[in-house]
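**Student:** I have a structure here, written as structure tokens, and I will follow up with some questions on it.
What follows is calculated from the coordinates using simple rules that are stated; it is not laboratory data. Computed from a predicted structure; not experimentally measured. As a convention, Cβ positions derive from the backbone with ideal geometry for all residues, glycine included, and neighbour counts pool all protein chains shown.
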Amino acid sequence: MGWTDIKSVLTFNNGETKYRRRQNRVKKARTVAPRPVNLLRPVVHCPTFRYHTKVRAGKGFTLQELKASGLNKRFARTIGIAVDPRRRNKSIESLQTNAQRLKEYKANLILFPINEKKPKKGEASEEEMKVAMQVKGEFIASDTEDFCFMDDEQSRFLVLTSVNNEDKMPLIVITGIPCSGKTTRTLQLKEYFEKEVKKRVDIITEIDVISKTGYDRNSFYSDSKKEKCIRSDIKSMAQRILNPNDVLIIDGSNYIKGYRYEIYCMSKLYKTPQCTIHCDIPIEHAWLWNEKRPVSEQYSREIFDALVMRYETPDSKNRWDAPLFAVMPEDDLKFDDIYKSLYEVKAPKPNQSTQCPPLSSTNYLYELDRITQDITNAILSAKQIGIENDIKIPQYGLTVQKTGNTPQMMRLRRQFLTYSKMHQININQIGLLFVQYLNKSL
């Protein structure tokens, strides 16, 4: 049979199979419990000439050491003995030392029979079972974490950062070349939302902001520094006006694609649905409308052509311009579609880069480093005197179930510090969360 004749079987119940395997593991763990807390490991010498006199715990016993102690590989793994078939004994001393270690472990080990009526070979006899005391009770194979109550500060932050579908902060961006009817469309939208939807409408008009600063529109658009300052002022005003109930319309040229993207990021930060309305018009038609205006409101030919040349037409394919509604002078606004794009869609999810981090105390980093260092030192000190399980941390009233070696503890502490700096938590919960993280990771 060639490789082309091999057929693959596709199953669609992987989730159910995974759940069933987990339930079987939990059931088996409760049946055979209690087991040794940690695996028994051999005593090995460190590599290199510098550290060869020091000993440490190895990865597992060799097959030769198991054979010398009267055990086999399969049975050893079921009674809490670590096995490493790749390791080799290069000296008789290490072989004898680890074989004696296994014999002592085997002599002190009591295997309670799974079926007391039919005990198997190697399991404890009735006399040994009477002398020994077996711990019985509910055993859970999976790790559990203590329940933490949120304080007032965390609950208030969750309320402020969660916006449901009813509390929208709609934002409408009007864009177009000069004299394209942007203000006319803005007034039509205001009338619709106030009369039909019964919503309050706030408008930020670019020309009004320019007039308040005392600039003439022709001199203003000829200076890029002044334009940059006004764009920053409009963006700041929009951030102050945004609220859960009102509609905000930014009426201006908004001809720069990057500036429209900044407004889009601002709307994502506040979880605000937005849409873009492009007032499309032929350039000659717009110039005729410009000539019909009063002299004080007209654009010069040079400034008009410069603004038309700078204008970056919005594209519906760009996420910061979508949804996009292009309107010609003779067209009517699609009020129903605009309403649906603002009130019947989910608000955009903010990125990590656009979210403001929650306020924290000035000594947060100091307390974070101090508390985690105290807990780590307490665990390593307890390990030096031979305590490796259920280590009490008296300063914080916490218990660490297991411990690890020094490099492992340092690595876990660095990971916890990195995460806590990005996701700041309450100082009073640093110790509890760090201990929970250690119990889950070790």
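**Student:** Counting other beta carbons within 10 Å of each residue's own, what order do His278, His52 fall into, fewest first?
**Tutor:** Working: His278 24, His52 10.
Lowest count first: His52, His278.
**Student:** What aspartates and glutamates sit close enough to Lys27 to cross-link, taking a C-alpha to C-alpha distance under 16 Å and skipping anything fewer than 8 places away on the same chain?
**Tutor:** Here the aspartates and glutamates satisfying the reach criterion relative to Lys27 are Glu138, Asp143.
**Student:** Determine the gain in length on full extension of the stretch Lys198-Lys421; use 0.36 nm per residue of separation and subtract their C-alpha separation, reporting nm with one decimal.
**Tutor:** Numbers: separation 223, 0.36 × 223 = 80.28 nm, distance 4.43 nm.
Gain on stretching Lys198 to Lys421: 75.9 nm.
**Student:** Additional query: Among 376-384, 90-98, 115-123, how do they line up from the highest to the lowest mean number of other beta-carbon atoms within 10 Å?
**Tutor:** 376-384, 90-98, 115-123
**Student:** At Thr48 and Gln188, where each label point lies 7 Å from the Cα along Cα→Cβ, what is the point-to-point distance in nanometres?
**Tutor:** In this crude label model, Thr48 to Gln188 measures out at 7.8 nm.
**Student:** Tell me, rounded to the nearest percent, the portion of alpha carbon pairs in the stretch 236-384 spaced more than 29 Å apart. Intermediate values should be presented prior to the final figure.
**Tutor:** Working: 4747 of 11026 pairs.
Summing the P(r) of the stretch 236-384 above 29 Å gives 43 percent of all pairs.
**Student:** While we're looking at this one, here's another question. For Arg74 and Arg21, FRET efficiency with R0 = 22 Å and r from the beta-carbon atoms, rounded to 0.05?
**Tutor:** On the way: r = 21 Å, r/R0 = 0.93.
That gives a FRET efficiency of 0.60.
**Student:** Now a separate question. Could you line up Met309, Met328 from fewest to most neighbouring Cβ atoms inside 10 Å?
**Tutor:** Details: Met309 9, Met328 14.
If I rank by nearby Cβ atoms, fewest first, I get Met309, Met328.
**Student:** Applying a 10 Å radius around every beta-carbon, put 333-344, 431-442 in order of their mean neighbour count, most first.
**Tutor:** On the way: 333-344: 15.0, 431-442: 18.5.
Ranking, from highest mean packing down: 431-442, 333-344.
**Student:** Which whole-angstrom value gives the distance between the alpha carbon centres of the stretch 326-345 and the stretch 169-226?
**Tutor:** What the calculation gives is 17 Å, centre to centre.
**Student:** Roughly how far apart, in whole Å, are the Cα centres of the stretch 67-98 and the stretch 239-268?
**Tutor:** 70
**Student:** Under 5 Å between amide hydrogens, which residues at least 5 positions from Val83 or on another chain qualify, with H placed 1.01 Å from N in the peptide plane?
**Tutor:** Excluding prolines and chain starts, which carry no amide H, the hits are Phe61.
**Student:** At R0 = 35 Å, how high is the FRET efficiency between Asn428 and Lys346 if r is their beta carbon distance? Nearest 0.05 is fine. Let's see the in-between values first.
**Tutor:** On the way: r = 35 Å, r/R0 = 1.00.
Efficiency, rounded to the nearest 0.05: 0.50.
**Student:** I'd like the FRET efficiency for Leu365 and Asp233, computed as 1/(1 + (r/R0)^6) with the beta carbon distance as r and R0 of 41 Å, rounded to 0.05. Could the numbers behind the result be given before it?
**Tutor:** Numbers: r = 35 Å, r/R0 = 0.85.
My answer for the efficiency is 0.70.
**Student:** In the stretch 273-326, which trypsin sites (Lys or Arg not before Pro) fall in coil by DSSP and have 14 or fewer other Cβ atoms within 10 Å? List each step's numbers first, then the result.
**Tutor:** Values: sites: Lys292, Arg301, Arg310, Lys317, Arg319; in loops: Lys292, Lys317, Arg319.
Those that pass, being in a loop and sparsely packed, are Lys292, Lys317, Arg319.
**Student:** Please name which of Asn98, His52, Thr17 has its Cα lying farthest along the dipole of the stretch 13-131 towards the positive end, using unit charges on Cβ (Lys, Arg +1; Asp, Glu -1) and the Cα centre as origin.
**Tutor:** Final value for the positive-end residue is Thr17.
**Student:** Here is a further query. Evaluate the relative contact order of the stretch 13-131 (contact order divided by residue number), counting alpha-carbon pairs under 8 angstrom at least 6 apart; express in whole percent. Can you show the working numbers first?
**Tutor:** Details: 113 pairs, mean separation 23.7, N = 119.
Dividing the mean separation by the residue count of the stretch 13-131 yields 20 percent.
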